[in-house]
């Protein structure tokens, strides 16, 4: 579900349909331990989501790659301070966390100076801080909008729907509308 949320958040697109294959490889497991899903997004783009607990020798391995007409981005959780931007007609760029060229929103969720490893733990700290700030604003009657990095109930419901539709698609062996 994390990769699903990341896909929709980073691209700003929504999954419109999917065709998933879930399987249990390790005997005795009560839940699926290997999944692949082909996705169609609401703008017609297609994608693949793979999640596996049987990829021998791999760490967490969360990776996001988005390909567009003019370029692509590539980010890996195991090397979280670097975003690779690859242009169709130009050299590859490597964007660093805490770079002065980041947007105000990106700088607001950067907690450490450049060159320091930042990632998984800090991401939770940002979410907790933003949730606490939003809760304080609500208690004080302020009409402060939810920060864009803070997922709301809609994201939670979409995540549960993704799991539900993925299970049904795998069981039926075909594409399903989201």
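Every condition in (1) loosely packed, with under 11 Cβ neighbours inside 10 Å; (2) modelled with pLDDT of 95 or more; (3) in contact with a strand residue (DSSP E or B) (Cβ under 8 Å, 6 or more places away or on another chain) is met by residue 101 except one, and the failing one is (2).
Considering only residues of region 138-176 that are part of a helix (DSSP H, G or I) and at pLDDT below 85, which is farthest from residue 7 (Cα to Cα)? Show your work before the answer.
Here is the first cut: in region 138-176, the residues part of a helix (DSSP H, G or I) are 138-139, 153-172.
Those left that are additionally at pLDDT below 85: 138, 153.
Working: 138: 29, 153: 17 Å.
Going through the qualifying residues, I end up with 138.
Quick one: how many residues across region 6-22 are modelled with pLDDT of 90 or more, farther than 16 Å from residue 48 by Cβ and in contact with a helix residue (DSSP H, G or I) (Cβ under 9 Å, 6 or more places away or on another chain)? Write out each step before concluding.
Keep residues of region 6-22 that are modelled with pLDDT of 90 or more, which gives 7-8, 11-22.
With farther than 16 Å from residue 48 by Cβ added as a condition, the list becomes 12, 14.
Those still in the list that are in contact with a helix residue (DSSP H, G or I) (Cβ under 9 Å, 6 or more places away or on another chain) too: 14.
Residues in region 6-22 being modelled with pLDDT of 90 or more, farther than 16 Å from residue 48 by Cβ and in contact with a helix residue (DSSP H, G or I) (Cβ under 9 Å, 6 or more places away or on another chain): 1 in total.
Each residue in region 77-87 was checked for being within 18 Å of the chain's Cα centre (by Cα) and loosely packed, with under 14 Cβ neighbours inside 10 Å, and 3 of them qualify.
Checking each residue in region 24-46 for being touching a strand residue (DSSP E or B) at 6+ places or on another chain (Cβ under 8 Å), over 24 Å from residue 77 (Cβ atoms) and without any contact (Cβ under 8 Å) to a residue 12 or more places away in the chain picks out only 24.
The values are calculated or read from the model by the stated rules, or taken from the named source; none is laboratory data. These figures come from a predicted structure and were not determined experimentally. Quick reminder, even Gly has a Cβ in these numbers, built from the backbone with ideal geometry, and neighbours come from all protein chains shown.
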